[in-house]
Amino acid sequence: LIWQNGKLYEGTGNIGKSKLRIIDLSSGKAEKEINLPADEFGEGITIFHDTLYQLTYKNKKVFVYDAINFKKIKELPFPKNEGWGMTHDTTHIIAGDGTNQLYFIDPSTFKIISTLHVSDNYGPSGNLNELEYVHGFIYANVWQENTILKIDPASGNVVGKIDLTGILDKAGIHYDKEKIDVLNGIAYLANTGNFLITGKKWPVYVEISLEE
């Protein structure tokens, strides 16, 4: 998820079902939508200088689009075996491959400039998934957990953990527990200072406020 210029951008996954779209939050419907090739599995997205980047899961490709009209500009090679989450700071794309490592990448070539090893007091923190860079910290969903980590990009240390277990129940959302999957989506709403979260096959986005 990305919230930018009053619009919610969403990249979805699965073979034959992967999309890139802009969502109207008032209706939940897509204002604009394109499909990825049927054999591509879409993963994390980020917008850097009006250019939108979309990772693929195991295809080792990055699709590059004009963020306004979704016109495809080019493809770049992704230098790891798997692509998971993606965000950016002021100079680099930041991407993960499902391990405890995050990669700071040159946006023009997608070559890795440096690698950040993420850990907490118990050791490496793996399964880093959807990413969001906010006020000098990286927030990361942890795959198969209801946890979001707050990571110091200078050291790789986990400086905070957010437990969102039962968030749909707390929000009063009625849903079929057999049809939803893991927490996997976080976007910072700069206009409110809150976060928008969702998950795989979730029926809603949930807005939350985080206290320091």
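The values are calculated or read from the model by the stated rules, or taken from the named source; none is laboratory data. Since the structure is predicted, the reported quantities are computational estimates derived from the model, not experimental observations. Here Cβ is always computed from backbone atoms with ideal geometry, including for glycine, and neighbour counts include all displayed protein chains. Accessible surface areas use protein heavy atoms only, side chains included; no ligands, DNA or RNA. Shrake-Rupley method; radii C 1.70, N 1.55, O 1.52, S 1.80 Å.
Sum up the charges of everything whose Cβ sits under 14 Å from the Cβ of V158, counting Lys and Arg as +1 and Asp and Glu as -1, but leave V158 out. Local net charge: -2. Ordered from largest to smallest accessible area (heavy atoms of protein chains, 1.4 Å probe), the residues E82, E178, E40 come out as E178, E82, E40. For the stretch 5-49, the set of trypsin sites (Lys or Arg not before Pro) satisfying both a DSSP loop assignment and a count of at most 16 other C-beta atoms within 10 Å is given as K17, K29. Here's how it looks for K58: its modeled amide H is under 5 Å from those of F41, G83, which are all 5 or more places away or on a different chain.
In this structure, the pairs whose alpha-carbon distance is over 29 Å, taken from K71/K170; K72/K201; K32/K60, are K71/K170. Once both labels are positioned 7 Å from their Cα atoms along Cα-to-Cβ, the gap between I22 and S108 label points is 2.8 nm. For the stretch 187-204 and the stretch 36-95, compute the distance between their C-alpha centroids and round to whole Å. Value for the Cα centre distance between the two parts: 20 Å. For the stretch 96-110, 3J(HN,Hα) computed residue by residue from phi via the Karplus equation (6.51, -1.76, 1.60; θ = phi - 60°) reads x, 10, x, 9, 9, 9, 10, 10, 8, 10, 5, x, 7, 10, 6 Hz, glycine and proline entered as x. Entry note, the chain: relative contact order of 11 percent, from Cα contacts under 8 Å with a spacing of 6+ residues. Residue-wise HN-Hα couplings along the stretch 177-189, as the Karplus relation 6.51 cos²θ - 1.76 cosθ + 1.60 with θ = phi - 60° gives them from phi, are 5, 7, 9, 9, 10, 6, 4, 6, x, 8, 9, 8, 8 Hz; Gly and Pro carry x. Largest GNM mean-square fluctuation across I186, I151, I162, computed for the chain with C-alpha springs under 10 Å, falls on I162. Computed over the chain with a Gaussian network model linking Cα atoms closer than 10 Å, the most mobile of S108, S125, S18 is S108. Carbon-plus-sulfur accessible fraction, the stretch 1-78 (probe radius 1.4 Å, protein heavy atoms only): 46%.
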